[in-house]
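Everything below concerns the one structure shown next.
The values are calculated or read from the model by the stated rules, or taken from the named source; none is laboratory data. Everything numeric in this text was worked out from a predicted model, so none of it was measured. Neighbour counts run over all protein chains shown; Cβ positions are idealised from the backbone, glycine included. We work out accessible area using only protein heavy atoms, side chains counted, and drop any ligands, DNA or RNA first. Shrake-Rupley method; radii C 1.70, N 1.55, O 1.52, S 1.80 Å.
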Amino acid sequence: QVQLVESGGGSVQPGGSLMLSCAASGSASRIDPMGWYRQAPGKQRELVATIARGGSTNYADYVKGRFTISRDNAKNTVYLQMNSLKPEDTAVYYCGAVFVGNWYWGQGTQVSVSA
């Protein structure tokens, strides 16, 4: 089993920055990959970025060049640095992790971008 706890959401003006963190516990050493997804009101959950234990990353086109995902394997923690935020980035951001072929999710953290 894996437990995921996110932190770092909040409200910011367009062009601002936020960093999200997600700490994994339980059988965290066997998690691969980890990542961030988001869900805006009335929309389906969508990929933001994922990162493998070895460091390879995958980004959605709409965040490339603005968001950076990173991972500290020693701390079983994944981060999402979000820069140049836009109103359309407003959503609940979920940390996800794959363990033994199954996705596990955190509780989600709200990110709101408005003037």
Query - Output for the range 31-55, where each listed residue is within 18 Å of residue 110 (Cβ to Cβ) and among the β-branched types (Val, Ile, Thr) - result: 48
Requested in this report: Being farther than 20 Å from residue 82 by Cβ, open to solvent by 30 Å² or more (accessible area, probe 1.4 Å), touching a strand residue (DSSP E or B) at 6+ places or on another chain (Cβ under 8 Å) and hydroxyl-bearing (Ser, Thr, Tyr) narrows it down to one of 7, 27, so name that one.
Outcome: 27
Report summary line: Selection from the range 92-112 of residues of a type in the set (Val, Ile, Thr) and open to solvent by less than 10 Å² (accessible area, probe 1.4 Å) yields 111
Report task. Sort out which residues of the range 30-39 are of a type outside the set (D, E, K, R) and open to solvent by less than 30 Å² (accessible area, probe 1.4 Å), and write them in order of number. Result -> 31, 34, 35, 36
Report summary line: When the range 19-38 is checked residue by residue, the ones that are out of contact with any Phe, Trp or Tyr (no Cβ under 7 Å at 6 or more places or on another chain) and among the hydrophobic types (A, V, I, L, M, F, W, C) are 22, 23, 24, 28, 34
Requested in this report: Mind listing just one residue for me: the one in the range 82-103 that is among the aliphatic types (A, V, I, L, M) and touching a Lys or Arg at 6+ places or on another chain (Cβ under 8 Å) and, of those, nearest to residue 29 (Cα to Cα)?
Outcome: 100
